Amino acid sequence: MDPDILQAIKTIDDKIASLQEARNRLASAFGIVDHSPANHTPRPNKVAPNSPAAAIQTIQAVEANGTAKAAPSGRKVQLAQFLMDHGPMSRVSIVEAAELPEGTVSYCLADKRFFQQLDSGDWDITDFSRRGLERRSKTGTFEVEGH
């Protein structure tokens, strides 16, 4: 084999691994979880089961066939639970009291399925979130009928 080609392949593999690691940290921070069977997504031999590449492949497979939807978890559920426990409040107050990064709060509040801005300007959870949190307290998973 040509050593230059082997070196180029190694460099590309290293870059891919670095990007997959960054993607995995981001997905983990926002609670992106795979709920499909482990053998649902074929994986190349070099992809570790819990690696960022595996997560990317799983999400791509789910998006491609539309058979599985990940239940909300992570920061959105954490913020929804916080607002359910503490009541509506301003974005600034949420950032201070929930001790979440401002960008994370902004990202979460942008999801209108979970959060709504009241006429007062404060933020609260939607009925969708409330039902999901109530079901979560009973079943351990955040699920709402029809989703």
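Within the range 86-98, the set of residues being crowded, with 16+ Cβ neighbours inside 10 Å and not in a helix (DSSP H, G or I) comprises P88, M89. Checked against (1) modelled with pLDDT of 55 or more; (2) within 23 Å of F128 (Cα to Cα); (3) in contact with a helix residue (DSSP H, G or I) (Cβ under 6 Å, 6 or more places away or on another chain), A68 meets all criteria but (1).
Please determine, by comparing only the residues of the range 127-144 that are among the basic types (K, R) and at pLDDT below 85, which one is most open to solvent (accessible area, probe 1.4 Å). That would be K138. Mind checking whether some residue in the range 7-25 is open to solvent by less than 80 Å² (accessible area, probe 1.4 Å), over 19 Å from T126 (Cα atoms), at pLDDT below 85 and assigned to a loop (DSSP other than H, G, I, E, B)? There is no residue in the range 7-25 that is open to solvent by less than 80 Å² (accessible area, probe 1.4 Å), over 19 Å from T126 (Cα atoms), at pLDDT below 85 and assigned to a loop (DSSP other than H, G, I, E, B).
Counting just the residues of the range 99-126 that are farther than 20 Å from N24 by Cα, touching a strand residue (DSSP E or B) at 6+ places or on another chain (Cβ under 9 Å) and of a type in the set (A, V, I, L, M, F, W, C), which one comes out surrounded by the fewest Cβ atoms within 10 Å (Cβ to Cβ)? Step through it out loud before you land on a result.
If we filter the range 99-126 for residues that are farther than 20 Å from N24 by Cα, which is where we start, we get 99, 102, 106, 109-126.
Now narrow it down to the ones that are touching a strand residue (DSSP E or B) at 6+ places or on another chain (Cβ under 9 Å): 109, 114-118, 122-126.
Within this subset, residues satisfying the condition of being of a type in the set (A, V, I, L, M, F, W, C) are 109, 114-115, 118, 123, 125.
Details: L109: 18, F114: 22, F115: 21, L118: 9, W123: 20, I125: 22.
So, considering only residues that are farther than 20 Å from N24 by Cα, touching a strand residue (DSSP E or B) at 6+ places or on another chain (Cβ under 9 Å) and of a type in the set (A, V, I, L, M, F, W, C), the one surrounded by the fewest Cβ atoms within 10 Å (Cβ to Cβ) is L118.
The values are calculated or read from the model by the stated rules, or taken from the named source; none is laboratory data. Just so it is clear, the structure is predicted and the values come from calculations on it, not from any experiment. Quick reminder, even Gly has a Cβ in these numbers, built from the backbone with ideal geometry, and neighbours come from all protein chains shown. These accessible areas exclude ligands, DNA and RNA; they are computed on the full protein's heavy atoms, side chains included. Shrake-Rupley method; radii C 1.70, N 1.55, O 1.52, S 1.80 Å.
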